[in-house]
Amino acid sequence: MAHSYAQLYYHIVFSTKHRERRIDAELEARLHAYLGGIVRNLEGVALEVGGVEDHVHILASLRSKTAPADAIGKIKANSSGWVHEEWPARAGFAWQVGYGAFSVSHSNLEQVKRYIQNQKEHHRTMTFEDEFVGLLKKHGLEYDPRFVFD
C-alpha cells in the first residue's frame, strides 16, 4: 500500500489540580476555545470541548504521528500557561497530573459530542470522581483506586 490512512478520535478528560472548582463563567468559554486552538496547532481537530468547574472533556481527532500523551501534555501545559498569563490573579490554576484518553469510533462521535455538551446537566447528579471511574470501567481499564486522583 503506497499511502497510510488513519482516522483517530480521542475522548480526553482531565481535571483541575485537586479537582478545585477553578473554571468559572469568566474563564470557561475562553478556555474551551483555547483548548480547541491548541488541538488545531497540533494539526488535529477539536470536535467538541466542554466541562464544568473542575474538569474538561475534549473530543479530538489527532494525527497518527501525534502520540496522545504528547498532545495532552502540550494541551495542559500551554493552557495553564495561558491562564496564568491572561489572569495573573489565577496563579493557583493548575491541571491534575494524570488524564483519561479513550478511543472513540466514528459511529459514536455524535453520542460523545452530546455527552460533552450536556456536562452541566450531567454533573447535577454525579461527581467528577464518579464520572471518571465510570469511564475507566466502561472502557475496561484496570486501575487502583488509591492512585486515580492526585
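We did not get these values from a lab; they are worked out from the coordinates using the rules stated. In this text the structure is predicted, and so the values were computed from the model without any measurement. A quick note on method: Cβ atoms are made from the backbone with ideal geometry, for glycine too, and the neighbour counts reach across all protein chains shown.
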Mean separation of Cα contacts under 8 Å (6+ apart) over length of the range 8-147, as relative contact order %: 33 percent
Equivalent ellipsoid, the range 83-150 (semi-axes from 5 times Cα gyration tensor eigenvalues, Å): 25, 18, 13
Order of LEU27, LEU35 - criterion: other Cβ atoms within 10 Å of each residue's Cβ, fewest first: LEU27, LEU35
For the range 86-107 versus the range 111-150, the gap between their alpha-carbon centres in whole angstrom: 14 Å
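Can you tell me, using C-alpha contacts under 8 Å and at least 6 residues apart, the relative contact order of the range 66-150 as a whole percent? Intermediate results must be reported in sequence, preceding the final value.
On the way: 20 pairs, mean separation 25.7, N = 85.
Taking the mean separation of contacting Cα pairs over the length of the range 66-150, I get 30 percent.
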Helix-only CD estimate at 222 nm, as mean residue ellipticity for the chain, using -39500 (n - 2.57) per DSSP H run (n ≥ 4): -12500 deg cm²/dmol
Selection from HIS139, TYR34, THR66 lying farthest towards where the dipole of the chain points positive, charges on Cβ: THR66
All-pairs alpha carbon distance profile, the range 8-147, 10 Å steps from 0, percent: 11, 45, 36, 7, 0
